[in-house]
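**Q** Quick one: the structure is below, and I'll ask about it shortly.
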Amino acid sequence: MASTIVALSGRVSSGKTTLANMLLKRRPGQRFGTSDLIRELAQEEGHLVDSRRSLQEYGERLDTMTRGHWVADALAPLIVDLPGGSLVVIDSIRLAEQIDALRRAFGRRVVHVHLTAPLENIAARYAK
């Protein structure tokens, strides 16, 4: 199983995916996008998530139903067979309850990094 789980949070275009990719260039591991996890969970339940809006709505539904625990629940079977020393990066966490659930499930292996950037930089990145 992974030895470190880095949970990234921050505004859209704050650099989360860039940081995730940089971390995984330095250390073997895997990136898991919460949007991908949401799509998989929705598909398993027979729901179509085909837009950013429907993705957000389904994610909010999961958060409400599970109090944010769905991220840890979805991640656990995906990382159980990773080699020891692997890095897992979760891109991205939206709620404190999600972090709390990850910490309850995986303990001290969880590191939370919240990214910030000046609004003008975020706007310029988002426009690209």
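**Q** Scan segment 88-117 and report the pairs whose first residue is touching a residue at least 40 places away in the same chain (Cβ under 8 Å) and closer than 11 Å to V6 by Cβ and whose second residue is in a helix (DSSP H, G or I) and open to solvent by 70 Å² or more (accessible area, probe 1.4 Å), with Cβ atoms within less than 6 Å and a gap of 6+ or a chain change.
**A** Filtered contacts from segment 88-117: V110/R103.
**Q** A further question follows. Would you call R31 open to solvent by 70 Å² or more (accessible area, probe 1.4 Å), modelled with pLDDT under 95 and under 30 Å from A127 (Cβ atoms)?
**A** no
**Q** I've got another one for you. I'd like the full set of residues that are in a strand (DSSP E or B) and more than 17 Å from I79 (Cα to Cα), limited to segment 95-112. Walk me through it before giving the result.
**A** If we filter segment 95-112 for residues that are in a strand (DSSP E or B), which is where we start, we get 110-112.
The answer is H112, and nothing else.
**Q** List pairs: first in segment 1-19 and touching a residue at least 40 places away in the same chain (Cβ under 8 Å), second in a helix (DSSP H, G or I) and among the β-branched types (V, I, T), Cβ under 7 Å, 6+ apart or cross-chain?
**A** Note: pairs meeting the criteria are M1/I79; A2/I79; A7/I99; R11/I122; S13/I122; S14/I122.
**Q** Out of A76, A117, report the one residue that is aliphatic (A, V, I, L, M) and in a helix (DSSP H, G or I). Break it down into steps so the answer makes sense when it comes.
**A** Details: A117 fails: in a helix (DSSP H, G or I).
Selected residue: A76, the only one of A76, A117 that is aliphatic (A, V, I, L, M) and in a helix (DSSP H, G or I).
**Q** Let me ask something else. Given the criterion modelled with pLDDT of 95 or more, aliphatic (A, V, I, L, M) and over 27 Å from A123 (Cβ atoms), identify the matching residue among L23, L95, L37. Write out each step before concluding.
**A** Details: L23 fails: over 27 Å from A123 (Cβ atoms); L95 fails: over 27 Å from A123 (Cβ atoms).
One residue alone meets the criteria, L37.
**Q** Within segment 74-128, take every residue that is under 18 Å from N21 (Cβ atoms) and among the charged types (D, E, K, R) and give me the one that is most open to solvent (accessible area, probe 1.4 Å).
**A** The qualifying residue most open to solvent (accessible area, probe 1.4 Å) is K128.
The values are calculated or read from the model by the stated rules, or taken from the named source; none is laboratory data. Only a predicted model underlies this, so the values are computations on that prediction, with no experimental measurement involved. Neighbour counts run over all protein chains shown; Cβ positions are idealised from the backbone, glycine included. Just so you know, the surface numbers come from the protein's heavy atoms only, side chains and all, with ligands and any DNA or RNA stripped out. Shrake-Rupley method; radii C 1.70, N 1.55, O 1.52, S 1.80 Å.
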